[in-house]
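The values are calculated or read from the model by the stated rules, or taken from the named source; none is laboratory data. Just so we're clear, the structure is a prediction, and the values are computed from it rather than from any experiment. Cβ coordinates were reconstructed from backbone atoms using ideal geometry, including for glycine residues, and neighbour counts include every protein chain displayed.
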Amino acid sequence: MSKSKKIGITGLGMYVPKKVLANKDLEKMVDTSDEWITTRTGIKKRRIVKPGTPSSVLAVEAAKRALSQAKIKPEDLEVIIVATVTPDMPFPSTACFVQSKLKAKNAAAFDIGAACSGFIYGLVIAKQFIETGLYKNALVIGVEVLTSITDWTDRNTCVLFGDGAGAAVVEPVASGGIISTYLGADGNLANLLYMPGGGSRHPASSQTVNKRMHYIKMSGSEVFKFAVRIMTDAATRAVCDAHIACPDIKLLIPHQANMRIIDSVRKRIGLKPEQVFLNVAKYGNVSAASTIMALCEAVEEKRVKKNDYIVLVAFGGGFTWGSCVIKWSY
Ligand code: UT7
């Protein structure tokens, strides 16, 4: 199959649990304040699941909406890719649970681990599958139940995260499509953002539980500085490869980790505030679900229309990062 074939997004869906956890609620749980959280992160609230709700439940809701928008029946789906750091369980993959719940019996299914960059990694994989002709369509999902790995006694991290899911159907498109992509990683920086317990290095034991190893650990300010530099670099690369310039960008849709990170990236790239989509105030950081949830809302709010150039950019644990330019197809 020719590489000049246009591959784009034909359907989007998102789902967030109903329950809202506001900054004021966190004031009762740890030594923090609405004022600190708002000024340091831009987050006002986040959505949280009922304890015990697995990622696949959120993923399926988002997936159903994306499939219906793309007018694809579950049985016609060829591959399901789920990006998450909070899978239902270590194995089988969350993608397999999603495949079963959707009754997408003809779809291959697997998870990818690229933390907050996971959706963009998944989109790039899907694009290659369709470009090579191996599959005619793909469902890419970013989903997290980060509240299941949040240490509610650690004010440095517990104010940041939330739960949610977003999904995109990827297919050949008549016009527009994914124009440029860029992925990167630096595994030397793994220990700045990670969850140490539960894998083969530190299998779950009473010791790992007592040492609180099954929670997110983050060196916030180091991560912050790296995020600003690498998201600026990644977005710039995708824009250059797409042979477009800043004024051509309708909307930058960044990973929603922190309003200050997003604002620094925007200024470094040279974009106006209205060229950037923000929903961090409503949902906090939803890792792999963050960028796709932001894309969903941007399209729903008609901030993106047919033939607009948009830039997705994300950064996360690994470290990993990724970006792409899409000329919107519908
Ligand atoms: O998803 C991908 C990756 N994640 C990110 O991109 C997140 C990156 N990092 C950040 O967003 C920011 O670093 C944070 C929001 C986590 C922290 O903001 P900061 O401006 O980097 O603050 P800091 O870590 O330098 O801490 C400043 C102070 C400290 O107090 P002292 O040591 O100066 O007395 C913290 O203990 O703020 C304190 N602090 C808090 N105070 C009230 C930290 N968390 C809180 C809190 N409430 N929740």
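Brief remarks on what is shown
- The residues on offer are ASP263, ASP308, and the sole one that is among the acidic types (Asp, Glu) and closer than 22 Å to TRP36 by Cα is ASP263.
- Filtered residues of segment 200-228 (kept if touching a residue at least 12 places away in the same chain (Cβ under 8 Å), more than 16 Å from the ligand (Cβ to nearest atom) and not β-branched (Val, Ile, Thr)): LYS211, ARG212, MET213, HIS214
- The set of residues in segment 93-107 that are closer than 25 Å to PHE161 by Cβ and in a loop (DSSP other than H, G, I, E, B) contains only SER93.
- Annotation note: of GLY122, GLY118, the sole residue that is buried (at least 18 other Cβ atoms within 10 Å of the Cβ), in contact with a helix residue (DSSP H, G or I) (Cβ under 7 Å, 6 or more places away or on another chain), in the same structural domain as VAL30 (by TED's automatic domain parsing) and touching a residue at least 40 places away in the same chain (Cβ under 8 Å) is GLY118.
- Taken across segment 296-311, residues that are on the phi < 0 side of the Ramachandran plot, within 16 Å of the ligand (Cβ to nearest atom) and outside any strand (DSSP E or B) do not occur at all.
- Qualifying residues in segment 1-38 (those that are among the polar types (S, T, N, Q) and touching a helix residue (DSSP H, G or I) at 6+ places or on another chain (Cβ under 9 Å)) - the one modelled with the lowest pLDDT: SER2
- Only a single criterion out of (1) within 16 Å of the ligand (Cβ to nearest atom); (2) out of contact with any strand residue (DSSP E or B) (no Cβ under 6 Å at 6 or more places or on another chain); (3) more than 23 Å from VAL82 (Cβ to Cβ) is not satisfied by ILE269, namely (1).
- Extreme residue, nearest to the ligand (Cβ to nearest atom), among residues of segment 23-80 that are farther than 30 Å from ASN156 by Cβ, part of a loop (DSSP other than H, G, I, E, B) and among the aliphatic types (A, V, I, L, M): LEU77
- From the list THR147, THR132, the one residue that fits, being modelled with pLDDT of 95 or more, under 23 Å from GLY199 (Cα atoms) and not aromatic (Phe, Trp, Tyr), is THR147.
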